[in-house]
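Right, one structure below, let's go through it.
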Amino acid sequence: MFDGYDSCSEDTSSSSSSEESEEEVAPLPSSLPIIKNNGQVYTYPDGKSGMATCEMCGMVGVRDAFYSKTKRFCSVSCSRSYSSNSKKASILARLQGKPLTKKAKVLQKQPLVAKLAAYAQYQATLQNQAKTKAAVPVEGFSWGNYINSNSFTAAPVTCFKHAPMGMCWGDIAEGVRVEVPNTDCSLPTKVFWIAGIVKLAGYNALLRYEGFENDSSLDFWCNVCGSDIHPVGWCATSGKPLVPPRTIQHKYTNWKAFLVKRLTGAKTLPPDFSQKVSESMQYPFKTSMRVEVVDKTHLCRTRVAVVESVIGGRLRLVYEESEDKTDDFWCHMYSPLIHHIGWSRSIGHRFKRSDITKKQDGHFDAPPHLFMKVKEVDAAGEWFKEGMKLEAIDPLNLSAICVATIRKVLADGYLMIGIDGSEAADGSDWFCYHATSPSIFPVGFCEINMIELTPPRGYAKLPFKWFDYLRETDSIAAPVKLFNKEVPNHGFHVGMKLEAVDLMEPRLVCVATVTRIIHRLLRIHFDGWEDEYDQWVDCESPDLYPVGWCQLTGYQLQPPAPQASRDTQSSSSKQKKKAKSQQYKGHKKMTSLQLKEELLDGEEYSFLQGASDQESNGSASYYIKQEP
C-alpha cells in the first residue's frame, strides 16, 4: 500500500522534460493544478504563496529560504545532485510519504510549524463540513444510468451562475484525475485510488480507476462536489493509503512507477476545491426572515411571508397569516417574486395587509441588499403606457405566450400586465413584470421566431393578425426599442438534460430537457410528461439547475413519470381542458407517491401560481427583429 503523494500548482518558473519517454496525457486547460514531477508551490489558507518543495529531496520549507532564483531546491547540494539523478526519485519519495530530511528541520522553525498546524486544522474543518452535506439518493432513479442508457448530454455547470460552483467551476473536464475511495478492495479499512473523469454530466462525473485503460466494467458515477472526491495529493497530506483495485492488481509489479508515468502532466482539482464548494453553498437568507412575496391566489398583489426553510438557495415561505404553516410558497432566493418589506408601497404595487399587527417573536425583516437587483431604466423619455399591446408569457399557463396589455405603469420600471380575453373585471389576475423582464416581448416576436401565439380567448378572427387586432381594439404596440436586446452566451443546446422547477407546482424539481432555444428563451420539457406541460423559461432563471443539484443540496428530485402514469394522465387531459381563473385549476404534475391516488380521485387541483420564468440578473432582454 502507498501513503499517497502530493498534488501541486503549476510552477511556471520550472520547466524540465522527463528523461524517460512516457505516454503523453491529453492537454487540458491550464487553470487547473498540474501534477508535476518537479517543484511544488504550496499556498496558505489566505492564498499567499509561502512554501515550496525541493525537487530533489522532497522536503518542504519556506520558499524564500530556498536556493536559486527559481526556488526549486533547498540547498546547493540538492541542486547539484539533481543534475546527476533521475527526477523520478523525487516523485517516489513523495509517493511514499517519506519523512523530511535533516535539512528540513533547519528550515522549518516554529512559525512555519504553527502555520502548517493551522492549515491542517483548517483542512480538517472543511472535511467535516463536507461530511455534513451527505448526498441524498433518489429511490428508483439514477442520473448515471439514465444518461448512459440513452446517450444523453447534460448542461454544464457553467450554464447556471446561481448554482453552487456555477461561477468558479473552472476547467473541470474529461481527463481530470482525482482520488476516490477504492470499492474494489477486500481490506477492512477505507482505502483510495486514482480515477480519471471519463464523462461529465452537470455535477456528476463518470469515473474510471487508473489502470483500467479501456475497460469500463468498474466505471462509476459520482458527484464531483461530494465529500469522497479529492485532488490528487490529498491522500499523501491526509495519511490515507492508495491501493490499486483488486481486479487489476496483477497488471503491474511497480505501481509507483506506473503512477509516476500516468500522472505526470495530468490535471487535478484545485487544492481549495472543497473550500469553494462549501463557500458556494452558504446562503444569506435565514429562517424567520420576513419578505414580501406574490400572493399565489391573487397575482396582482403581494403578501408578507416568513422564511421557514432554505434548501440549496430555495426558500419555503409561509404566509404570515397561516397559523398551521401549511399555506406556503416555494421560490429561489433570486426570484423576482420576492422583495424586501416595503417594496410594494415604494413602487405602487397592490399589497394585502397582514391580519397580524405585530411581528412574531424571532421574526425580522430581510435586509434589502439580499434581494436580486433589477436593471435600472430611464422612464423619462419614451416609455411604456397604459393600453399598449405586447406579447407575454402567461404566468398561469407557462407553456403559452399570449396577447397582452399593459394595465398600469408602476415606479422603478415595473408594469402590471393582463392577458387579453381572460382578465378578471377587478384586475385581480394582473401580474407584475419589470420592463427588462425576459418574459415580455414586442408585438410580432412570436411570428418572427415561429412560436405559436395564443390569441385572446373568444377571438374569432383566426388566424390571428396583429395588424387587424390593433386596428379593431384601437390600440398601439409597445415600441420595440423599449425591450432589451441583450442575449448572454448561456451555453445551452437543444437536447441537454437538467433539473428544473415545475413553476406551476414550484415545490417540485424535476428531470427535464431543453427542447427549443429562442435567443435567451428556453423551452423546458419535463421528461415523461406530455408537451402541454412544457414551460418557457429564461436561460438565467434561478429555477434551472445542473444534473446532480438535488443530490448535492439534499432536495428531492422528481424522476420521469412512468409509462402507466403517462397513459392515465394523457386520458385525463383529453377529458378535461385547463380553465383559468384567479386561482389556476388544471392538471398538475405530482410526486410518484401521490400520482396514482390523485389521478383516481379525478378532482381538480390548485396550482401554486408563479411567474418565476421571468428571472434575470438585471439584464433580462431578447434579441428582437428591429422595426422597419
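The values are calculated or read from the model by the stated rules, or taken from the named source; none is laboratory data. Every value quoted in this text rests on a predicted model; they were computed, and no experiment measured them. Methodologically, a virtual Cβ is constructed for each residue, glycine included, from the backbone with ideal geometry; neighbour enumeration extends over all protein chains shown. The area values use the complete protein model at the heavy-atom level, side chains included, leaving out ligands, DNA and RNA. Shrake-Rupley method; radii C 1.70, N 1.55, O 1.52, S 1.80 Å.
Any idea which residue in the range 478-504 is farthest from the chain's Cα centre (by Cα), counting only those that are among the charged types (D, E, K, R) and modelled with pLDDT of 95 or more?
Asp502
Give Lys358, Lys385, Lys408 a once-over and let me know the one that is open to solvent by 50 Å² or more (accessible area, probe 1.4 Å), of a type outside the set (Val, Ile, Thr) and modelled with pLDDT under 95.
Lys358
Those residues that are modelled with pLDDT under 95 and of a type in the set (D, E, K, R), I need them from the range 532-572; list them, please.
Scanning the range 532-572 gives Glu532, Arg566, Asp567.
State all residues of the range 486-505 that are in a loop (DSSP other than H, G, I, E, B) and in contact with a His (Cβ under 9 Å, 6 or more places away or on another chain); if no residue qualifies, say none.
Val487 - this is the single residue of the range 486-505 that is in a loop (DSSP other than H, G, I, E, B) and in contact with a His (Cβ under 9 Å, 6 or more places away or on another chain).
Checking Val277 against (1) open to solvent by less than 20 Å² (accessible area, probe 1.4 Å); (2) under 30 Å from Gly413 (Cβ atoms), which test does it fail?
The single condition Val277 does not satisfy is (2).
Return the only residue of Val306, Val294 being under 26 Å from the mean Cα position of the chain (by Cα), farther than 24 Å from Leu544 by Cβ, modelled with pLDDT of 95 or more and of a type in the set (A, V, I, L, M, F, W, C).
Val306
Within the range 473-484, can one find any residue that is open to solvent by 60 Å² or more (accessible area, probe 1.4 Å) and farther than 28 Å from Lys375 by Cα? Give the steps one after another, and end with the answer.
Just the residues of the range 473-484 that are open to solvent by 60 Å² or more (accessible area, probe 1.4 Å), to begin with: 474, 476, 481.
Checking the rest, the ones that are also farther than 28 Å from Lys375 by Cα come to 474.
The answer is yes, given that some residue of the range 473-484 is open to solvent by 60 Å² or more (accessible area, probe 1.4 Å) and farther than 28 Å from Lys375 by Cα.
Working carefully through the options Ser422, Ser399, Ser428, find the one that is polar (S, T, N, Q) and touching a helix residue (DSSP H, G or I) at 6+ places or on another chain (Cβ under 8 Å). Give the steps one after another, and end with the answer.
Working: Ser422 fails: touching a helix residue (DSSP H, G or I) at 6+ places or on another chain (Cβ under 8 Å); Ser428 fails: touching a helix residue (DSSP H, G or I) at 6+ places or on another chain (Cβ under 8 Å).
Checking each option against the conditions leaves just Ser399.
Based on what the data block shows, is Gly342 of a type in the set (Gly, Ala, Ser), surrounded by fewer than 18 Cβ atoms within 10 Å (Cβ to Cβ) and over 20 Å from Ser437 (Cα atoms)?
yes
Among (1) over 29 Å from the mean Cα position of the chain (by Cα); (2) open to solvent by 10 Å² or more (accessible area, probe 1.4 Å), there is one condition Ser399 misses while meeting the rest; what is its number?
Against the list (1) over 29 Å from the mean Cα position of the chain (by Cα); (2) open to solvent by 10 Å² or more (accessible area, probe 1.4 Å), Ser399 comes up short only on (1).
Quick one: which strands (runs of 3 or more DSSP E) lie wholly within the range 360-437 and hold at least 1 residues that are under 21 Å from Ser344 (Cα atoms)? Working first, answer last.
Numbers: elements: 389-394, 397-409, 414-419, 431-434.
Hits in the range 360-437: 397-409, 414-419, 431-434.
Conditions (1) modelled with pLDDT of 95 or more; (2) more than 30 Å from Asp538 (Cα to Cα); (3) of a type in the set (Lys, Arg); (4) surrounded by fewer than 20 Cβ atoms within 10 Å (Cβ to Cβ), marked per residue:
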site: Val157; (1), (2), (3), (4): yes, no, no, no
site: Glu179; (1), (2), (3), (4): yes, yes, no, no
site: Val198; (1), (2), (3), (4): yes, yes, no, yes
site: Tyr203; (1), (2), (3), (4): yes, no, no, no
site: Asp219; (1), (2), (3), (4): yes, yes, no, yes
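Please state which of the following conditions Ala425 fails to meet, knowing it meets all the rest: (1) free of Cβ contacts under 8 Å to residues at least 40 places away in the same chain; (2) closer than 30 Å to Tyr555 by Cβ.
(2)
Evaluate the following for Asp394: is it farther than 14 Å from Glu292 by Cβ, open to solvent by less than 50 Å² (accessible area, probe 1.4 Å), out of contact with any Leu (no Cβ under 8 Å at 6 or more places or on another chain) and acidic (Asp, Glu)?
yes
Answer yes or no as to whether Pro395 is at pLDDT below 95, in contact with a strand residue (DSSP E or B) (Cβ under 6 Å, 6 or more places away or on another chain) and not assigned by the TED database to the domain that holds Arg345.
It is true that Pro395 is at pLDDT below 95, in contact with a strand residue (DSSP E or B) (Cβ under 6 Å, 6 or more places away or on another chain) and not assigned by the TED database to the domain that holds Arg345.
Can you name the residue in the range 506-535 that is open to solvent by less than 50 Å² (accessible area, probe 1.4 Å), assigned to a loop (DSSP other than H, G, I, E, B) and touching a helix residue (DSSP H, G or I) at 6+ places or on another chain (Cβ under 9 Å) and, of all such residues, is nearest to Val157 (Cα to Cα)?
Asp527
Can you find a residue in the range 323-342 that is at pLDDT 95 or above, more than 20 Å from Leu544 (Cα to Cα) and among the aliphatic types (A, V, I, L, M)?
yes
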